[in-house]
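Undergrad: I'd like to ask some things about the structure below.
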Amino acid sequence: MTRSVKPRVSRAEQARATRRRIIAAAAAQFAAHGYGATLLDQVAEQAEVAVQTVYFHFGNKRTLLKEALDVAAVGDDDPVPLMDRPWVLQIRQETDPVRIIELWLATGRTILDRIVPLMRVLRGATGTDPEVAAQWDTNQAQTRAAHGFLVELLAERSALRPGLDVEQARDIAFVLSNVETYLQFTDVCGWTPDQWQERTAAVLTAALLAP
């Protein structure tokens, strides 16, 4: 009788699996308890590792929150930036400006579904931790720059409303569809994510595109 042999897992794969468990545990702890009340001991316990292992991989709680947000934004821990993902190529190849906006918001909604629990945590800690506040500002700046990509696609197709330059269009798109506005509509106004996606697509189309 032949005994099956399990494939050997490399140290790098083991380390990556450990990081995944820690990040997943941290995301759950942050969402449940907030930034200030989350302890790395709790994260380590949920991830089934020693707390020293958490410090070894991430150094401190701020870095762990940033890493959890990065993974949530792209949906995995592959070292591929958000704007180098396949969905960007799909949008880049689209010729219909209305469809570009719809695809952008469909993907944006998927990303927001993943990051919103942690963005609430990040926003809630900005008043008490200057480094977390800087992280929020960095996230907003990156999101604003990403909306520049959207607007440039529309401009390349001569689709922008007359009199609207690229910078103005970028800022309109950013303010109307970034996570801060999403939280206002869903948390305060009671919109569902589906309503946010549909209504924001209509507003962006009207605000950005030539009639």
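Undergrad: Going by the conditions given, is residue 124 in a helix (DSSP H, G or I), open to solvent by less than 70 Å² (accessible area, probe 1.4 Å) and farther than 30 Å from residue 210 by Cα? Working first, answer last.
TA: Numbers: in a helix (DSSP H, G or I): yes; open to solvent by less than 70 Å² (accessible area, probe 1.4 Å): yes; farther than 30 Å from residue 210 by Cα: yes.
Spelling it out, residue 124 is indeed in a helix (DSSP H, G or I), open to solvent by less than 70 Å² (accessible area, probe 1.4 Å) and farther than 30 Å from residue 210 by Cα.
Undergrad: Out of 152, 180, I need the residue that is of a type in the set (Asp, Glu), modelled with pLDDT of 95 or more and either assigned to a helix (DSSP H, G or I) or open to solvent by less than 50 Å² (accessible area, probe 1.4 Å) (or both). Which one?
TA: Of 152, 180, the one residue that is of a type in the set (Asp, Glu), modelled with pLDDT of 95 or more and either assigned to a helix (DSSP H, G or I) or open to solvent by less than 50 Å² (accessible area, probe 1.4 Å) (or both) is 152.
Undergrad: Something else: Counting only residues that are without any contact (Cβ under 8 Å) to a residue 60 or more places away in the chain and under 20 Å from residue 120 (Cα atoms), which one in the range 167-177 is surrounded by the most Cβ atoms within 10 Å (Cβ to Cβ)? Break it down into steps so the answer makes sense when it comes.
TA: We begin by selecting, within the range 167-177, every residue without any contact (Cβ under 8 Å) to a residue 60 or more places away in the chain; these are 167-176.
Subsequent filtering for residues that are under 20 Å from residue 120 (Cα atoms) retains 174-176.
Numbers: 174: 21, 175: 12, 176: 17.
Result: 174.
Undergrad: Only one of 131, 94, 102, 156 is over 28 Å from residue 66 (Cα atoms), under 19 Å from the mean Cα position of the chain (by Cα) and among the acidic types (Asp, Glu); which?
TA: When all the criteria are applied, what remains is 102.
Conditions (1) free of Cβ contacts under 8 Å to residues at least 24 places away in the same chain; (2) over 26 Å from residue 133 (Cβ atoms); (3) surrounded by 18 or more Cβ atoms within 10 Å (Cβ to Cβ), marked per residue:
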site: 39; (1), (2), (3): yes, no, no
site: 54; (1), (2), (3): no, no, yes
site: 86; (1), (2), (3): yes, yes, no
site: 92; (1), (2), (3): no, yes, no
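Undergrad: Out of all the residues in the range 155-166, which are touching a residue at least 12 places away in the same chain (Cβ under 8 Å) and assigned to a helix (DSSP H, G or I)?
TA: Answer for the range 155-166, where residues must be touching a residue at least 12 places away in the same chain (Cβ under 8 Å) and assigned to a helix (DSSP H, G or I): 155, 166.
The values are calculated or read from the model by the stated rules, or taken from the named source; none is laboratory data. The structure presented is a predicted model; accordingly, all values stated were derived computationally and were not measured. Neighbour counts are summed over all protein chains in view; Cβ atoms, including those assigned to glycine, are modelled from backbone coordinates with ideal geometry. Side chains are part of the model used for accessible areas, which takes the heavy atoms of the whole protein and leaves out ligands, DNA and RNA. Shrake-Rupley method; radii C 1.70, N 1.55, O 1.52, S 1.80 Å.
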